[in-house]
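Structure, as structure tokens:
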Amino acid sequence: MKIDILSLFPEMFTGVLSASMMHQAADRGIVDFAVTNFRDYTENKHNRVDDYPYGGGAGMVLTPQPIFDAVDAVTESAEQQPRVILLTPQGRPYQQADAEALSKEDHLIFICGHYEGYDERIRDHLITDEISIGDYVLTGGELGAMVVIDSVVRLLPGVLGNETSAVSDSFSNGLLEHPQYTRPANFRGFEVPEVLRSGNHAKIDEWRYRQSIKRTYERRPELLNKLSLDEQAKDWLEALKSND
Ligand code: ADE
């Protein structure tokens with residue numbers, strides 16, 4: 001996968017892309033990251049990338065020219081039209097299903113604005129997706145792009161050591177993940193649930209599934225409305241509700 005990031009602050013990406021899984025994914029050739037400062041593309045003689053809003057008002061607006069030209073430059077040799085993603089609090093709220101869909105693409109371009117708004121023609125004529133990482137306002141799209149990139153790249157085949165670990169992630173089946181324990185079995189008197197040490201895998205699977213349902217019900221009940229649960233899970237859920 002090729003990932004292009006267009007930002008006025010490329011240095012913000014140095015740490016994230018050069019550590020842990022992102023670094024390993026790039027090192028193994030699974031992903032190719034390129035960070036471009038779109039200020040390099042401005043035709044403004046003072047190197048400006050923003051201007052006053054038509055109609056007046058506070059704040060500056062990112063002009064279309066440097067961003068359109070930077071996207072043209074990074075798509076020049078592209079065989080297919082890549083997804084061009086704008087990070088903004090006005091975008092679609094980002095979810096695990098979006099990460100899964102984006103992980104199937106060959107080329108992604110992320111546009112990160114900083115402190116200003118975007119000229120609407122960027123939205124209307126350049127981008128394919130507008131993503132928000134949550135209902136709060138950041139100073140720029142960079143942190144949002146990092147969140148999306150991390151969640152996409154970890155899904156690429158060969159990035160996670162154990163291929164199944166993405167399968168049991170919270171959200172991948174619509175539920176939160178069950179509790180996990182490791183050694184010691186007794187830590188300061190706090191015991192690991194007996195069933196996990198029983199070696200009975202059918203029982204362990206059932207316990208985990210039940211715990212996933214319980215945890216989702218307690219923490220994110222709205223997620224359960226989107227799922228079609230099997231009869232057993234429905235019974236567990238009824239039991240949880242009747243205990244409230
Ligand atoms: N840029 C500023 N705030 C943002 C948010 N919540 N999500 C994505 N990009 C942003």
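The values are calculated or read from the model by the stated rules, or taken from the named source; none is laboratory data. The structure presented is a predicted model; accordingly, all values stated were derived computationally and were not measured. Glycine also receives a Cβ, built like all others from the backbone with ideal geometry; neighbour counts cover every protein chain displayed. Remember, those area values only see protein heavy atoms, side chains included, never the ligands or the DNA or RNA. Shrake-Rupley method; radii C 1.70, N 1.55, O 1.52, S 1.80 Å.
In this structure, Tyr136 does not satisfy being assigned by TED's automatic domain parsing to the domain that holds Val74, of a type in the set (Ser, Thr, Tyr), under 22 Å from Phe13 (Cα atoms) and modelled with pLDDT under 95. So, in the range 49-59, of the ones that are farther than 12 Å from Leu8 by Cβ and touching a residue at least 24 places away in the same chain (Cβ under 8 Å), which residue ends up most open to solvent (accessible area, probe 1.4 Å)? Ranking the qualifying residues of the range 49-59, first place goes to Gly59. With the condition kept exactly as written, say whether any residue in the range 55-67 is closer than 26 Å to Leu156 by Cα, more than 16 Å from the ligand (Cβ to nearest atom) and in contact with an Asp or Glu (Cβ under 8 Å, 6 or more places away or on another chain). There is no residue in the range 55-67 that is closer than 26 Å to Leu156 by Cα, more than 16 Å from the ligand (Cβ to nearest atom) and in contact with an Asp or Glu (Cβ under 8 Å, 6 or more places away or on another chain). Could you give every pair whose Cβ atoms fall below 7 Å, whose first residue belongs to the range 23-42 and is under 17 Å from Phe110 (Cα atoms), and whose second residue is open to solvent by less than 30 Å² (accessible area, probe 1.4 Å) and among the acidic types (Asp, Glu), counting only separations of at least 6 or pairs across chains? Matching pairs, first to second residue: Ala34/Asp4; Thr36/Asp4.
The set of residues from the range 122-146 being more than 10 Å from the ligand (Cβ to nearest atom), farther than 18 Å from Ala73 by Cβ and touching a helix residue (DSSP H, G or I) at 6+ places or on another chain (Cβ under 9 Å) comprises Asp129, Met146. Considering only the range 62-80, I want to know if a residue exists there that is modelled with pLDDT of 95 or more and under 12 Å from Ile133 (Cβ atoms). Among the residues of the range 62-80, not one is modelled with pLDDT of 95 or more and under 12 Å from Ile133 (Cβ atoms), which makes the answer no. Evaluate the following for His107: is it more than 16 Å from the ligand (Cβ to nearest atom), of a type outside the set (Asp, Glu), over 29 Å from Asp27 (Cβ atoms) and modelled with pLDDT of 95 or more? Judged against the criteria, His107 is not a match.
Going by what's in this entry, would Glu100 be described as modelled with pLDDT under 95, open to solvent by 60 Å² or more (accessible area, probe 1.4 Å) and away from the ligand (no atom under 16 Å from the Cβ)?
no
Scanning the range 187-244 for residues that are of a type in the set (A, V, I, L, M, F, W, C), in a helix (DSSP H, G or I) and free of Cβ contacts under 8 Å to residues at least 12 places away in the same chain yields Ala202, Ile204, Ala239.
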